[in-house]
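Each value in this text was obtained by applying a stated rule to the coordinates, not by laboratory testing. Here the structure is a predicted model, which means the values were calculated and not measured. Heads up, the Cβs are rebuilt from the backbone with ideal geometry, glycines too, and the neighbour counts pull from every protein chain shown.
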Amino acid sequence: MPIEDELEASGHTRVVVVLKPTKRHKVDGRITVALTETISMQQEVAQSIASCFRPFKNSRMSQMARELASSSEPTIRSRIAADGPMRRGRPDYVRDEHAEAVPENAGVRYFPYLGMMMGTVDRAGLAELRNKKDEVAELFSPPEMSLIRPFEDEEAALAGPPEGVSWALKRLGIPKLWDAGLTGDGVLIGHLDTGIDSTHPALADAIDASSVFDELGQQLNVTTAMVDTGFHGTHTAGLLVGQPFGNVTFGVAPGARLAAGTVIEGGDIPARMIAGLNWCVGQGVMIISLSLGVRRFDPLVAALVKQLRDRDILPIVAIGNEGAETSRTPGNLPESLSAGATDEADQIWFNSSSQQFAETPRRIVPTLIAPGAGIWSSAPGGGLKKLSGTSMAAPHIAGLAALLKQFRPEATGAQIQKAIIASCKRPSGISTLRGNKGVPDAMVAKSKL
Amino acid sequence: MDIDKIDPRLKQALDQATVNSGPIQAVVVVGSPAGSKPLPAAESEQMLRNVVDRACKASKSKPSRLVFFPNVQSFSIEADPKLLRHLLEDDSIDAASLNRAD
């Protein structure tokens, strides 16, 4: 909703501001943001304009927080847990120390690496922000988050994960490929997400290269270890390449490594995703795991995914968490290998997206389904977290693709995709419209390659 | 360029822009002829530069910011609306979007 409309309707609105000043320097002939100096300067600016924001009792976030206390409905709980500003006090929440420049109860979140703030303002606060010409470079309405947000099952999580190999890995037959000596060794997987907590023991040495981009897609000169701006990226990275941790085995391809780009923080800005894809290609990845998407058909994203396929790169994409008759781009593109989610009972996960398009021949998405509900993996801060979503299904398939790539290094992305699809079998309780090709079998896929 | 491949938000931003409007940020993907092989990064970047240069000459202006993504035949650009309008008329452009979230 436009800023003015939302102000009129509720008396407050969420806004994003881009901070000034930004210091730039020349590195290897390229002008780029001098991150440390810029953050240092902008921290003071962030502190000075934080008073323009404030929390509102009737804001969407506050309402959800109240519902959290009384509702057992998982959607609300997960939405609260997934949204940064309202997660205060959560022990597993990792914050960058720079972000601490802004008080936690100020109704605003500060993104120091992007030089941005997002929070709630009333009309007076908005006017004040608009007058801060020396501090605010730009002000706009924030986007709907494009990350395909998973659902948390906190009650079950209290019991902790069962020890041993996860049900998801067993369901796909992954341990049989490990027995055949395939761990993904030598394979580089692209991972564009919220970042990764690189200090997590399960992900030690998992990140081969990392990157962060500004709003126009310029790569920032970040020399510090990679951090997760939320929790999503650490979880999906663990499913891709995580080592066994706490007597739990959840990573599909623990021998593979990641080229990890932080492209989601404070909004889906197209240039950041394009920059991340560009960077991944430059790093030499052949497989890219994408647990993100937009809730509409986007020709730009379609053109980009075509560029990836033209370069023999296999994009493995989550289809979305909005249920039947929905899908997200790029998961719904014919060029993507898209994944829906199943649960431990081998049923379709209720919120897994699926859609049939009026094309000839008819086309159904997702391409296939894989374990995605009730999935344990690494979480920022060194622990494990149980999440549900197609975001969890996609990395299982991307990890399988990495194992197959190790098996046949000369195989093209198209050949690996074909082998995975040929191995699929749809559980009898899931319709074609919901599960399409079905669940892959790792050993069968290997035999088809 | 195929009108369906322009993000409606970008089209709206350009339609609403006036002479005194500030620069607009866009992201652009440049296509290849059907069946052709992808260009190596260096050639891709040169091709992208040529596309931007053509629009610069036609509009007699320059972008304030420009970042090339040669590995995916794309670029992001911050420029005045006049330049962007010329850019979108280039037949080589496959898709373009406002560099702004929904």
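Using just the alpha carbons, could you tell me how many Å³ per residue the convex hull of chain B encloses?
Taking the convex hull of the Cα positions in chain B, it is 97 Å³ per residue.
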ask   = Taking the mean number of other Cβ atoms within 10 Å as a proxy for protection, how do you rank A:186-194, A:389-397, B:89-97 from highest to lowest?
value = A:389-397, A:186-194, B:89-97
inquiry  = Please give me, ordered by residue number, the trypsin sites (Lys or Arg not before Pro) of the stretch B:33-102 that lie in loop per DSSP and have at most 14 other Cβ atoms within 10 Å.
reply    = B:LYS60
query = From the backbone phi of the stretch B:48-60, what are the Karplus-calculated ³J(HN,Hα) couplings (6.51 cos²θ - 1.76 cosθ + 1.60, θ = phi - 60°) in whole Hz, Gly and Pro given as x?
reply = 4, 4, 4, 4, 5, 4, 4, 5, 4, 5, 5, 9, 6
request  = Would you grab the residues whose amide H sits under 5 Å from the one on A:GLY251? Only those 5+ places off in sequence or on another chain, please, with H modelled 1.01 Å from N.
outcome  = A:GLY242
request  = Scan around A:ASP197 for amide H atoms under 5 Å from its own, H built in the peptide plane at 1.01 Å from N, and keep only partners 5 or more places away or cross-chain.
outcome  = A:ASP228, A:THR234
task = State the Cα centre-to-centre distance between the stretch A:306-350 and the stretch B:1-58 in whole Å.
result = 28
task = Taking all pairs of distinct Cα atoms, average 1/r, flip it, and tell me the Kirkwood hydrodynamic radius of the stretch A:306-373 in Å to one decimal place.
result = 12.2
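If we count other beta carbons within 10 Å of each Cβ, what is the order of A:VAL444, A:VAL15, A:VAL227, fewest first? Intermediate results must be reported in sequence, preceding the final value.
Working: A:VAL444 16, A:VAL15 25, A:VAL227 22.
Ordered from fewest to most neighbouring Cβ atoms within 10 Å, A:VAL444, A:VAL15, A:VAL227 come out as A:VAL444, A:VAL227, A:VAL15.
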ask   = According to the square roots a ≥ b ≥ c of the eigenvalues of the Cα gyration tensor, what is the shape class of the stretch A:292-449, taking rounded for a/c under 1.5, prolate for a/b larger than b/c otherwise, and oblate for the remainder?
value = rounded
inquiry  = Can you bin every Cα-Cα distance in the stretch A:250-380 into 5 Å intervals starting at zero and give me the percent of pairs per bin, rounded to whole numbers?
reply    = 2, 10, 18, 22, 21, 17, 9, 2, 0
message = Run the count for chain B, please: Lys pairs, Cα-Cα under 21 angstrom, 8 or more apart or on different chains.
response = 7
request  = Can you put B:VAL67, B:VAL29 in order of Cβ neighbours within 10 angstrom, beginning with the fewest?
outcome  = B:VAL67, B:VAL29
ask   = Peptide A:216-223: average number of partner chain Cβ atoms within 10 Å per residue?
value = 3
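Could you tell me whether the stretch A:151-448 comes out rounded, prolate or oblate from its Cα gyration tensor? Rule is a ≥ b ≥ c as square roots of the eigenvalues, rounded for a/c under 1.5, then prolate if a/b exceeds b/c, otherwise oblate. Don't skip to the answer; put the middle values down first.
Working: a/c = 1.25, a/b = 1.05, b/c = 1.19.
Rounded, since a/c falls under 1.5.
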note = dims of the stretch A:188-327, Cα set, principal axes, largest to smallest, nearest Å -> 44, 40, 30
remark   = Within 10 Å of the Cβ of an average residue in A:275-282, the count of other chain Cβ atoms is 5
note = For A:ILE287, the residues 5 or more places away or on another chain with a placed amide H closer than 5 Å to its own amide H are A:GLY190, A:LEU314
query = Roughly how crowded by other chains is peptide A:304-311, in terms of the mean Cβ count from those chains within 10 Å of each of its Cβ atoms?
reply = 6
note = Looks like the stretch A:382-449, by Cα gyration tensor root eigenvalues a ≥ b ≥ c and the a/c under 1.5 rounded cutoff (else prolate when a/b is bigger than b/c, oblate otherwise), is oblate
